[in-house]
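Enquirer: Let me give you the structure first, and then I'll get to my questions.
The values are calculated or read from the model by the stated rules, or taken from the named source; none is laboratory data. Every value quoted in this text rests on a predicted model; they were computed, and no experiment measured them. We place every Cβ from the backbone using ideal geometry, glycine too, and count neighbours over all the protein chains shown. With ligands, DNA and RNA removed, areas are computed over all heavy atoms of the protein, side chains included. Shrake-Rupley method; radii C 1.70, N 1.55, O 1.52, S 1.80 Å.
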Amino acid sequence: MKTHFSLLLFFAGVLMCSIGNAQLITGVWNGKIDHRNVELKIVKNGDSLTGTSYYYTSPNNFRRYSIKGYFDATDNSVVWWDDQLIEEKRSNSFLPKRSTAPYLSTADFNCPGGTRMYLTGKAALKENPDQQNATVDLEKFITPFFRDEWDYIIDNYTVGANNPYLIDSIGQLAFNRPVTAPVAEEPIATLPGKDVPVQPKKQVFIPVPSATPSITTAPSHVAAPVAKAPLTNEQKFKTRTRQLVKEIPLTGDSLELKFYDNAEIDGDSIAVFLNDKMLAEHIRLSDTAYTIKLPVSELQQTNDLVMVAENLGSIPPNTSLMIAMVDGKRYEARLASTENSSALIRFVKEPKDEKQSL
């Protein structure tokens, strides 16, 4: 009987992980990066990740960065990097030089069963991103060692705090008003997963302006934050201006479109509309093409293709390279989209007699 119960718990844990990996990535992660103590707070915001990272040797000796990144649900890979230094605190000792440098990390989200979750992978100093020879070994925890404004989002993520507008406002607060680290005299415990970090004796409550949502630890029954709902892709398509980038002649039997990220791969995501109808959405741009094929016979004489930015990635604006293959000919267009404008490509069918004279 005990064996059957254990198996049920195991399969329940596996099912939980398989259903909500993208949501479960939000939380507090503690462990080591490059053999350095790290607490990482990740918040999923649409197709991107945001949050903060603490590199520390003690509660009074740390560096804190804002982070950016993205999660790929197709293979459970997580990529994040230390974006900007927003707080530094030093006691009588100094952080080792390597601990003060920002990192770029790539890890796999692992959920072997039950409630244990891990991020394991490789990291590199941000100034040398190709040399990922450092290890990433993090485990998810419920209680953070460092208290800050992201705790409100993480604690209430499933009851309304996952709203992008609220997350963005907290991100601005984190950058503009760095918080005070917890005060404690004890040294940090060893690597999480073996020993849970020692909690500080005293918690510091973070002052928040009256116009900003409260970010103290929420009670067990908390009302979902009231915030404006994000726009759908259809609403973005209708309300944003369109900028004509290129006009391409349309001949032959088929039109093949390939979309790539046109700059640094930073989590850009787009939706594509053709003649006012959505062809595809949630297209994550990378160095691997996302391909759409269309029969020319089903297209109109004039066809407007519009690229709508679902997000701006970590490096605005949202940019993509579109390659169109038309009757054996290759056309390239570099598209840029913002929160106010979308990129437009126009395909115009050539008269049949004009095609034959070429």
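Residue-wise test of (1) at pLDDT 50 or above; (2) surrounded by fewer than 16 Cβ atoms within 10 Å (Cβ to Cβ); (3) among the aliphatic types (A, V, I, L, M); (4) assigned to a loop (DSSP other than H, G, I, E, B).
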position: Glu139; (1), (2), (3), (4): yes, no, no, no
position: Asp148; (1), (2), (3), (4): yes, no, no, yes
position: Leu166; (1), (2), (3), (4): yes, no, yes, no
position: Pro187; (1), (2), (3), (4): no, yes, no, yes
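Enquirer: Pairs under 6 Å by beta carbon, first residue more than 11 Å from Thr106 (Cα to Cα) in region 122-137, partner modelled with pLDDT under 85 and crowded, with 16+ Cβ neighbours inside 10 Å, six or more apart or different chains?
Expert: Leu125/Ala101
Enquirer: Look at region 284-306 and say how many of its residues are touching a residue at least 40 places away in the same chain (Cβ under 8 Å) and open to solvent by less than 30 Å² (accessible area, probe 1.4 Å).
Expert: Counting residues in region 284-306 that are touching a residue at least 40 places away in the same chain (Cβ under 8 Å) and open to solvent by less than 30 Å² (accessible area, probe 1.4 Å) gives 6.
Enquirer: Is there a residue in region 288-309 that is under 30 Å from Asp83 (Cα atoms) and of a type in the set (D, E, K, R)?
Expert: no
Enquirer: Go through region 111-131 residue by residue and tally those that are open to solvent by 60 Å² or more (accessible area, probe 1.4 Å) and touching a Ser or Thr at 6+ places or on another chain (Cβ under 9 Å).
Expert: Qualifying residue count for the region: 1.
Enquirer: Another question, if that's okay. If only one of Leu285, Leu274 is at pLDDT 90 or above and aliphatic (A, V, I, L, M), which one is it?
Expert: Leu274
Enquirer: Any chance you could count how many residues in region 265-283 are part of a strand (DSSP E or B) and open to solvent by 50 Å² or more (accessible area, probe 1.4 Å)?
Expert: Pass one, region 265-283, residues part of a strand (DSSP E or B): 269-274, 277-283.
Imposing the further condition that a residue be open to solvent by 50 Å² or more (accessible area, probe 1.4 Å) reduces the set to 277-279, 281-282.
Number of matching residues: 5.
Enquirer: Further question: In this structure, is Val179 within 17 Å of Trp29 (Cβ to Cβ) and modelled with pLDDT under 80?
Expert: no
Enquirer: Kindly provide the set of residues from region 224-264 that are open to solvent by less than 80 Å² (accessible area, probe 1.4 Å), of a type in the set (A, V, I, L, M) and at pLDDT below 90, ordered by number.
Expert: Scanning region 224-264 gives Ala224, Ala227, Ala229, Leu231, Ala263.
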